[in-house]
Amino acid sequence: MTDAEPLSPPEPNVQAEAAAPARKRPKPGERRVQILQALATMLEQPGAERITTAALAAKLEVSEAALYRHFASKAQMFEGLIEFIEQSVFTLVGQIVERDPAVNGSAAEAGVRQAARIVSMLLQFAERNPGMTRVMVGDALVYENERLQQRMNQFFDKIEATLKQSLRSVSEANGSATPTVDAQVRASLLTAFVVGRLQRFARSGFRRAPSEHLEASLACML
């Protein structure tokens, strides 16, 4: 086998070098995701209660017109974040609810576990997504369209209804004469606890973890 001749360096291609700095065009839908990710990241910064489209465009190094090719308004961008929150959280809630309640004890015990897992999941979701927490508690929505806050209110109403369903079996097992009312009270208490922890997390600049002393707190409420 003969030695291969050394490769000579290629001739410089002036046109290729000039084109090198050009950005690769994002795939369909990719820019939309990038915009939402950038918005969520900006919401993690102190004093980020109000974000302008100009600041968002500057972070992405695109024009404001480029943003509006993917979203008709800033409100639609926030709706995109809310949709992510809803899909992520309620997919996990569904997985928790679908677990067989008879596997590890009585229906009442399963109801308590189910409620505790839902609360824990919500707080852990917030810890992993601090920017989303500002949306969930409404801090980022103060100057935006009112329907966005209404949608987040409906999100927590749905969480409360799910907790009520889980806790009804607990009230029945305790011999309550009004199990539906008792379950509603407990569910309301747990939901208020979650919202309060998320508000403290956001307003502390994400220093106070929402899951702080969680097991002891749940033991007092369940």
Accessible-area ranking of Leu189, Leu163, largest first, probe 1.4 Å: Leu189, Leu163
Probe 1.4 Å, all protein chains present, accessible-area order of Tyr68, Tyr143, largest first: Tyr143, Tyr68
FRET efficiency, 1/(1 + (r/R0)^6) with R0 25 Å, evaluated for Gln150 and Met121 via beta carbons: 0.60
Full-stretch length increase - Lys59, Gln95 - with 0.36 nm per residue and alpha-carbon distance subtracted: 9.3 nm
The stretch 127-191 - convex hull of the alpha-carbon atoms, volume per residue in Å³: 88 Å³
Low-density loop positions, GluC sites (Glu not before Pro), the stretch 74-136 - DSSP coil, at most 12 other Cβ in 10 Å: Glu98
Approximate spin-label separation Asn174-Arg208, in nm, with each point projected 7 Å along Cα-to-Cβ: 2.7 nm
Zone residues, the stretch 106-147, relative to Arg50, backbone N less than 16 Å from point 7 Å out along Cα-to-Cβ: 139-146
Two-decimal Rg/Rh across the stretch 55-183, once Rg and the Kirkwood Rh are taken from alpha-carbon atoms: 1.12
Contour excess over end-to-end distance, with Cα ends at Glu215 and Glu30 and 0.36 nm allotted per residue: 62.6 nm
Dimensionless Rg over Rh [the stretch 149-222; C-alpha; Kirkwood]: 1.05
Span from the the stretch 56-100 Cα centroid across to the the stretch 150-190 one, whole angstrom: 28 Å
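The values are calculated or read from the model by the stated rules, or taken from the named source; none is laboratory data. Only a predicted model underlies this, so the values are computations on that prediction, with no experimental measurement involved. In this analysis, Cβ positions are derived from the backbone assuming ideal geometry, glycine residues included, and neighbour counts consider all displayed protein chains. Heavy atoms of the whole protein, side chains included, go into the accessibility calculation; ligands, DNA and RNA do not. Shrake-Rupley method; radii C 1.70, N 1.55, O 1.52, S 1.80 Å.
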